[in-house]
Amino acid sequence: MQGDIPMIQLDGLPIKGQGSEINTLRFFPGRCGNCGLCAVVCPHRVFMPSNGRVRMVRPEKCMECGACQLNCPAGAIKVDSGVGCAAAMIRAALKGKKEVTCGEDCCD
Amino acid sequence: MKMPEIFDTSSIITRQDEWDHFSARIGYRRMYHRVRPGLYTLGKPGKDSPVFVSANYTLSFDALRSNLKGMDCYVLVLDTKGINVWCAAAKGTFATNELINRIEVTSLKEVVDQRTLILPQLGAAGVSAHEVKKRTGFKVEYGPVRAADITEYMKDHKATEEMRTVRFRARDRALLIPVEIKNWVLYLLLIPIALFLIAGWFTALVAITAIMAGVVLFPLLMPILPTKDFSSKGFVLGALVSLPFIFFLLTEGLNPSWIPAGYSLAIVLIICPAVAYLALNFTGSTPFASRTGVRREIFKYIPVIAGMFITGAALAAILSVGKFMGWF
């Protein structure tokens, strides 16, 4: 098992947490209640249960779907979730829209 | 109190279902592959039978029910506006509120005595399990990512790491190609026709190659292309598909000799950014692009893509006009 990801002061927040600089996923182990649901829902296995507690093992794989945050009853996970779709972002930019969503005719 | 209607379904996929799946895969009548939202029985379920939750997109619902062979259970279909579970979770239709609403309108609490719902794992991006528990009393259990693993999952209600991980195998990527072609079909027809009329078959062929490389070859070859970003993978693929044209031009023996070299450069400068742009547009179809990553990639590569394309198009135009006017 590799060592823990370092705890750092993230995004100017008062408490220390773990995360990767390539995405917005932030884990605050201090608040974690070890229910393990984040490790269940993550489709990229960013969180893993180990010795009765949850560890963040590969934050760089996060695609910001938001499932872990939504299912964390302790509020120990923060992620700016959204759709990683360039087509939708470019379409929104061209139409001058702020909000990026999938179009009617897109995304099955 | 009058009980709401419970529909009946089975695990059998008919010819008609197969046709529906095929037409969904080619993007025909995109928004019409819907199932009626509500509660369904499959087999002969009783008060303690499991309840599975799905989206009202035929590909989602059918993937679930076809994997429930021999089981007696209920399927609760949410109104996701004809969108699959994962995308609907992101759009906010496969969501906590819709699940709670569907539990209420189907009177699920009177239909079953047990208090557990089995949701597809990818639905977790829209559903908050503890919120559902608090507001309805139902415990949300997340099953495997793929319906094909449900039989295995139901043995002990445990999913392996493999069953909990999304994948994007060659088959999964190939299945997306027809819809990709459909999305770009106007460009695929109009650009080559226009270029054929203006500049001849060779230029039309360059355009067809660039677009087909982006929408067909890119999804297939994505994992084996070196580099990390979608756009840079697109540049590599663009350079590869430019090679036959360069080879053709350089062996053609045009005079003076810098003309074929100039055209070759123009072709690379046009094909590479075109394929990169199409590759970048594929991000939303993959199961691993994050919004932060895609945004970073757009800012990093769109200026390069635009610059290369404009330079290439200008170079090709100058060479063609020059040749036509007899400048060189």
Problem set entry | Inter-site label distance for B:Phe324 and B:Ile259 at 7 Å from Cα along Cβ, in nm | 1.5
For this session: With label points built 7 Å along Cα→Cβ from the Cα atoms of A:Glu60 and B:Thr160, find their separation and express it in nm.
Result: 2.7
For this session: Could you list the square roots of 5 times each eigenvalue of the Cα gyration tensor of the protein assembly as shown, that is, the equivalent ellipsoid semi-axes, sorted largest first and rounded to whole Å?
Result: 47, 27, 17
Problem set entry | Residue mean of other protein chain beta carbons inside 10 Å, A:34-46 | 4
Exercise. Sorted from fewest to most neighbouring beta carbons within 10 Å, what does the list B:Tyr28, B:Tyr74 look like?
Worked result: B:Tyr28, B:Tyr74
Problem set entry | At R0 = 25 Å, FRET efficiency that the Cβ-Cβ distance of A:Lys97 and B:Asn97 yields, to 0.05 | 0.55
Problem set entry | Sequence-distant residues sharing a close amide H with B:Ser54 (under 5 Å, placed H) | B:Leu76, B:Val77, B:Leu78
Problem set entry | Segment B:Ile12-B:Ala148, extension gain: residue separation times 0.36 nm, minus the distance between their alpha carbons | 47.5 nm
For this session: For B:Ala194 and B:Phe168, calculate 0.36 nm times their separation in residues minus their Cα-Cα distance, and state this gained length in nm to one decimal.
Result: 5.8 nm
Problem set entry | Added length on full extension, which subtracts the Cα-Cα distance from 0.36 nm per residue, B:Phe22 to B:Met3 | 3.2 nm
Problem set entry | Solution diffusion estimate, µm²/s, Stokes-Einstein, chain B, Kirkwood Rh from C-alpha pairs, 20 °C, viscosity 1.002 mPa s | 94
Exercise. Which longest uninterrupted range of chain B lacks any trypsin sites (Lys or Arg not before Pro) assigned by DSSP to a loop state (not H, G, I, E or B) and surrounded by at most 12 other Cβ atoms within 10 Å?
Worked result: B:48-157
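Bear in mind that the values in this text are calculations on the coordinates, not laboratory data. Nothing here was measured: the structure is a model prediction, and the numbers come from that model. Please note: Cβ atoms are built from the backbone with ideal geometry, for glycine as well, and neighbour counts cover all protein chains shown.
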